[in-house]
Amino acid sequence: MHPGRIIIDHSNEREKRASKIERWRAGVNAALLDSEFTRSQSEVLRWSVEAHHFNIFICGKLTSTAQMLGNLSSKYDNLNDHFILMILLTGGIEIKIGHYASVLDPGDLIILDILQPMKMKLLESNKTKSIEVIYVAIPRLFLYDAEDGCHLHGKVLEHRDILNRLITSQILSLIDSSPGLSIDDVNRVARPVMEFLVHAIKSSCSQWQPLANDVSEQVLSRVCDFIYANLRLPLLTPELIGKNFGLSRSSLYRLFESYGGIVAHIRRKRITAATRMLLHPQYRHWQVAEIAYYWQFEPATFNRLFAAIYDTTPNLARKEQQKLWALDSVNESQVLWLKSL
């Protein structure tokens with residue numbers, strides 16, 4: 001098993017409450033979610049986290065006692081390149097998206113767009129006194145061309161649906177077999193599994209009804225899809241984006257105000273993409289300057305931004321072979337969590 005590819009962690013009965021909460025939040029944050037507790041919920045908190053990295057996606061299991069999970073797009077600006085496919089195994093989930101609410105039963109599947117706000121109340125079952133879900137973090141790249149991709153947020157596929165059962169079986173089988181896979185096996189299965197999931201999601205779109213219909217969030221999601229698809233375009237400017245979506249520069253700024261503006265958002269996305277390329281073994285023969293130019297940076301600008309974000313230089317980061325950063329799907333939050341274990 002490749003070190004760092006599979007992360008498994010859980011609470012300890014003798015552990016102090018503050019430590020259990022802190023470590024849970026670090027782990028679930030790597031699944032792109034945030035956590036809130038009542039006082040009584042924090043006193044009895046029990047949890048376990050699994051994360052399996054398959055180069056182009058991450059899947060795993062989350063188990064916990066009752067609490068509230070959610071996300072705020074402004075808080076997770078650097079993580080909004082993902083959809084989360086989540087399947088409830090035990091317990092219940094009450095989910096609220098905007099003014100709409102729904103209740104998930106065991107076996108139900110839901111798609112969540114990390115870019116868009118939502119709240120989930122995890123409900124313990126009488127038998128297990130816990131909630132268990134399996135999840136897949138799907139990079140936005142794979143779904144940006146889905147028809148009305150921004151409408152995927154909050155869509156539910158009930159447990160009776162045949163596609164749901166096939167998807168659930170596929171993910172559970174992948175998680176169960178993951179510890180025994182070699183790196184070659186991981187590389188072989190990652191793409192076919194992702195293609196199956198993407199095709200299943202797209203073919204089911206016509207059956208699903210969205211929970212949310214916030215116009216500004218829909219526009220934001222479409223603009224982010226466009227940015228992601230054209231990240232290497234030299235003329236990816238507010239003017240070009242505004243022209244494509246019929247938006248003024250001031251409207252774009254308001255749309256991305258919580259992210260520091262659209263120019264800052266594009267710059268951060270390019271830095272993240274360049275960092276992944278820099279530290280990936282496939283591009284070890286590329287010079288830092290070549291990577292910088294590839295992602296539309298002057299080398300000096302890239303070096304300065306990289307140092308400001310990671311507190312090291314691109315050359316030193318590569319020299320020290322920070323392997324946890326070399327996985328295609330690993331993002332900033334996951335790096336911090338993995339390095340803390």
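Please treat every number below as a calculation from the coordinates, not as lab data. These figures come from a predicted structure and were not determined experimentally. Methodologically, a virtual Cβ is constructed for each residue, glycine included, from the backbone with ideal geometry; neighbour enumeration extends over all protein chains shown.
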Among Lys119/Lys155; Lys20/Lys269; Lys96/Lys155; Lys20/Lys129; Lys16/Lys129, the pairs whose Cα-Cα distance exceeds 22 Å are Lys20/Lys269
Relative contact order of segment 6-207 (C-alpha contacts under 8 Å, at least 6 apart) in percent is 20 percent
Shape call for segment 113-193, from the Cα gyration tensor axes a ≥ b ≥ c (a/c under 1.5 means rounded, otherwise prolate when a/b beats b/c, else oblate), comes out oblate
The summed charge of the Phe245 Cβ neighbourhood (under 12 Å; Lys/Arg +1, Asp/Glu -1) stands at +1
Between Glu158 and Lys202, Cβ-based FRET efficiency (R0 22 Å, step 0.05) works out to 0.75
